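These notes are about the structure you will find just below.
The values are calculated or read from the model by the stated rules, or taken from the named source; none is laboratory data. Given the structure is predicted, the values throughout are model-derived calculations rather than measurements. Cβ: placed from backbone, ideal geometry, glycine included. Neighbour counts: every protein chain shown. Keep in mind that these areas ignore ligands, DNA and RNA; they rest on the heavy atoms of the full protein, side chains included. Shrake-Rupley method; radii C 1.70, N 1.55, O 1.52, S 1.80 Å.
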Amino acid sequence: ESEASSIDTALCIASALVAGRYFKDTIIEKLARSLYERVEWDWMLNNSLLFCHGYKPETGFLPYYWDTYSEHLILQTLAIGAPYHAAPAACWREWVRLEDTYEELPVIYAHSGALFTYQFSHIFIDFRALEDEGKNYFENSRSATLANRRFCMNNRAVYKSYSETIWGLTASLGPRGYKAYGAKPGRGFHDGTVAPYALLCALPFAGPEALTSIRYIYETYKDKVYGRCGFRDAFNLDQ
């Protein structure tokens, strides 16, 4: 009953291609390219122009599709540019760009408002010089990052975890299991759980603010939130 995930397939292939580029002219590059060429991207459309989230052998395609802004930009790019089993270029225009502002910060936002949705694709693609009908997704991620910080600051009277130097709402483990924590714009579900990895991944978009927060959390709560393998997934000072 395990899901075959379209986005996790894309992240796996993108990572393989990065490794292949690093080990150029080796078997690693050949294997990475071979994996990319074998993926049937067009099949995951399920006879539509939107990518399905996943597929289960027992029940078929999931009822969810990548129909608004999210981390799926890397999936779209790999699928449309694939040498075989490519998706139609029209897929790029099929999903909706929902826009809103949070304290004058404009954001094409993801439903959850989780920071990872504004970070994943940027690991593989430099969006700084790319425009999508006047929209720049690097600047969009910068606005979403700063909005996440302000959202936490505006809720610091409610939760001990939030402050000017402690912020970073994204999908992580929390007191009641794994949750897609996020800020506005978007659903903005939160309970005081902060994820250090959100700050580390925010460095390209809000370097000074993120670095200050990383240092503060490390110096203040090192014994509790930093272990042998680095920062723990998340923490919640209230719970």
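Screening G188 with (1) open to solvent by 70 Å² or more (accessible area, probe 1.4 Å); (2) within 18 Å of the chain's Cα centre (by Cα) gives one miss only, at (1). Scanning segment 88-126 for residues that are open to solvent by 10 Å² or more (accessible area, probe 1.4 Å) and in contact with a Pro (Cβ under 6 Å, 6 or more places away or on another chain) yields D100, Y102, Y109.
Pairing each residue of segment 196-213 that is under 23 Å from C229 (Cβ atoms) with any residue that is assigned to a loop (DSSP other than H, G, I, E, B), provided the two are 6+ apart or on different chains, yields C-beta distances under 6 Å for A198/G168; A198/T170; L199/G168; C201/Q119; A210/A202; A210/L203; S213/T165.
For F138, the requirement of being in a helix (DSSP H, G or I), among the hydrophobic types (A, V, I, L, M, F, W, C) and in contact with a strand residue (DSSP E or B) (Cβ under 7 Å, 6 or more places away or on another chain) is not met. Just one of (1) over 14 Å from the mean Cα position of the chain (by Cα); (2) assigned to a helix (DSSP H, G or I); (3) free of Cβ contacts under 8 Å to residues at least 60 places away in the same chain; (4) within 16 Å of A110 (Cα to Cα) fails for L146. It is (3).
Every listed requirement among (1) open to solvent by less than 30 Å² (accessible area, probe 1.4 Å); (2) at pLDDT below 95 is met by P196 save one, (2). Taking segment 213-225 as the search range and keeping residues that are over 21 Å from H190 (Cβ atoms) and at pLDDT 95 or above, which one is surrounded by the fewest Cβ atoms within 10 Å (Cβ to Cβ)? This residue is E219.
Please find, among W167, W92, the residue that is over 28 Å from N47 (Cα atoms), modelled with pLDDT of 95 or more and in contact with a strand residue (DSSP E or B) (Cβ under 9 Å, 6 or more places away or on another chain). Even if it seems obvious, please write down each step before you answer.
On the way: W92 fails: over 28 Å from N47 (Cα atoms).
That would be W167, the only listed residue that is over 28 Å from N47 (Cα atoms), modelled with pLDDT of 95 or more and in contact with a strand residue (DSSP E or B) (Cβ under 9 Å, 6 or more places away or on another chain).
In the set (1) open to solvent by 80 Å² or more (accessible area, probe 1.4 Å); (2) modelled with pLDDT of 95 or more; (3) outside any loop (DSSP other than H, G, I, E, B), the condition left unmet by R156 is number (3).
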